[in-house]
Amino acid sequence: MPTTPNQDTYWESAGASRASHVIPTSECWALATTQSAGRLGFFREGLLDIFPVNYLVIDEHLYFRTSVDGTIATSHLEHAAFQIDHVDKEARSGWTILLNGPATRVEDPTLLTTLWGKAVDEPWAPGQRDLFFDLAPTLVRGRRIGAAH
């Protein structure tokens with residue numbers, strides 16, 4: 001039977017010449033602003049779905065756009081996860097951030113005006129992506145992997 005890894009030991013399996021370090025929450029947020037695409041995970045019909053989406057970060061909230069009638073918009077997102085990574089293949093290093101929490105539709109007109117006014121990458125997925133979601137994480141975790149010093 002699968003076990004759920006302990007938050008403190010989950011990331012401690014780096015190779016002998018590698019090191020793994022926890023990234024503080026404030027640095028996780030700073031790193032998240034350096035990327036524009038990540039993966040949204042959520043349960044749908046008893047299965048775990050993972051979708052790549054473009055996003056932006058404002059005030060420790062992560063926002064993404066989707067289609068009004070698509071899979072994401074029609075799913076229950078009260079227990080969502082969002083992963084953002086950066087990998088340097090040559091240096092065999094990188095970092096990963098995992099945000100857990102509910103994702104809810106943005107309906108506040110002032111916030112929508114702010115979001116539409118941000119210069120961000122257009123979603124890679126085809127079609128209209130006019131519905132914003134706000135992922136307000138209740139848990140933020142990060143790990144940096146690299147050469148041991």
For the chain, the per residue accessible area (1.4 Å probe, Å²) is 62 Å²
Asserting the computed 222 nm helical MRE of the chain (DSSP H runs at least 4 long, -39500 (n - 2.57) per run, divided by residue count, to nearest 500) equals -3000 deg cm²/dmol
What one gets for the chain as the Kirkwood radius, inverse of mean 1/r over different Cα pairs in Å, is 16.6 Å
Candidate cut points under trypsin sites (Lys or Arg not before Pro) in segment 21-92, DSSP loop plus at most 13 other Cβ atoms within 10 Å of their own Cβ, are 89, 92
Residue 118 and residue 79 label points (each 7 Å along its Cα→Cβ direction) are spaced in nm at 2.7 nm
Exposed-loop cut sites defined as chymotrypsin sites (Phe, Trp or Tyr not before Pro) in DSSP loop states with at most 13 other Cβ within 10 angstrom; longest site-free run of the chain spans 11-123
Cα extents of segment 16-63 per principal axis, largest first, Å, are 40, 34, 15
Taking protein heavy atoms only, a 1.4 Å probe, and rounding to whole percent, the accessible area of the chain owed to carbon and sulfur comes out at 54 percent
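The values are calculated or read from the model by the stated rules, or taken from the named source; none is laboratory data. From a predicted model like this one, the values you see are computed outputs, not experimental measurements. When we count neighbours, we look across all protein chains shown, and the Cβ atoms used for this are built from the backbone with ideal geometry, even at glycine. What goes into the accessible areas is simple: the full protein's heavy atoms, side chains included, and nothing from ligands, DNA or RNA. Shrake-Rupley method; radii C 1.70, N 1.55, O 1.52, S 1.80 Å.
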